[in-house]
Amino acid sequence: NVDQFRWLVRRDMQEQLRVAHEEIGARHVRAVGMFDDEMRVLALDPTTWRDKKRTPRLNWQIVDYVIESLLELGLKPMFTTTFVPTALASGTQTVFSTRSNVTPPRDLAAWSQLVETAVRHAIEQFGAAEVRQWYFEVWNEPNLTAFWAGTREQFHALWQATYRAIKNVDAALRVGGPSTARAEWL
């Protein structure tokens, strides 16, 4: 567990992961924040989206770099759908210095579209056989108010929407989560 996805772009972190893989046999890397604004996946300002239908302008450059780097090291990513990009968030509550948004998506259909598009992109970029070796996690510790500002019911709706979005792309993908603190909400 590397904690935050943004750290995976660092050369020193990649070197530490190489050592972990070679010396102790680490196989997967989990990090939250793949959809953080810092990763530039989704434009912050919906008015800059590319057409009058307000279709999101997506950018996978940083995410692809991180995943390519992990694969080159012999590691598989855990595709973790924590947190909500500001452009899709229902509120402003954040966590960490990355200002990761912990509010529910204001539109589950738009969230589902982002997740489905991300998974489709991963398969196009890395191949279905590769992506089927990954784990997909829906959120991280939603039972802690620092990491989830919605209700338990809102989380369950998010989990179902995310699960369906992933499985709509490929039913063979392995979906789990949430990772919960103190084994609550299981």
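The values are calculated or read from the model by the stated rules, or taken from the named source; none is laboratory data. Just so you know, these numbers come straight off a predicted model, no measurement behind them. So basically every Cβ, Gly included, is an ideal-geometry build from the backbone, and we count neighbours across all protein chains shown. Areas reflect the complete protein model, heavy atoms only, side chains present, ligands, DNA and RNA absent. Shrake-Rupley method; radii C 1.70, N 1.55, O 1.52, S 1.80 Å.
Here are a few things to note about the model shown:
- When the range 119-155 is limited to residues that are without any contact (Cβ under 8 Å) to a residue 12 or more places away in the chain and not charged (D, E, K, R), the one that is farthest from Leu70 (Cα to Cα) turns out to be Thr151.
- Glu116 being surrounded by fewer than 15 Cβ atoms within 10 Å (Cβ to Cβ) and free of Cβ contacts under 8 Å to residues at least 60 places away in the same chain: no
- Only one of the listed residues (Ala171, Ala109, Ala122) is open to solvent by 60 Å² or more (accessible area, probe 1.4 Å), among the aliphatic types (A, V, I, L, M) and modelled with pLDDT of 95 or more. That residue is Ala171.
- Failed item, numbered, when Pro178 is tested on (1) in contact with a strand residue (DSSP E or B) (Cβ under 6 Å, 6 or more places away or on another chain); (2) crowded, with 18+ Cβ neighbours inside 10 Å: (1)
- Taking the conditions (1) modelled with pLDDT of 95 or more; (2) open to solvent by 50 Å² or more (accessible area, probe 1.4 Å) in turn, Ser97 satisfies each one other than (1).
- Looking only at residues in the range 1-13 that are open to solvent by less than 30 Å² (accessible area, probe 1.4 Å) and part of a helix (DSSP H, G or I), the one that is modelled with the lowest pLDDT is Phe5.
- Residue in the range 20-77 that is modelled with the highest pLDDT, counting only those that are among the polar types (S, T, N, Q), open to solvent by 30 Å² or more (accessible area, probe 1.4 Å) and not in a loop (DSSP other than H, G, I, E, B): Gln61
- Condition broken by Gln133, with the remaining ones in (1) over 21 Å from Ala31 (Cβ atoms); (2) modelled with pLDDT of 95 or more; (3) in a loop (DSSP other than H, G, I, E, B); (4) not β-branched (Val, Ile, Thr) satisfied: (1)
- Of the residues examined, Thr92 is not one that is among the hydroxyl-bearing types (Ser, Thr, Tyr), part of a loop (DSSP other than H, G, I, E, B) and buried (at least 17 other Cβ atoms within 10 Å of the Cβ).
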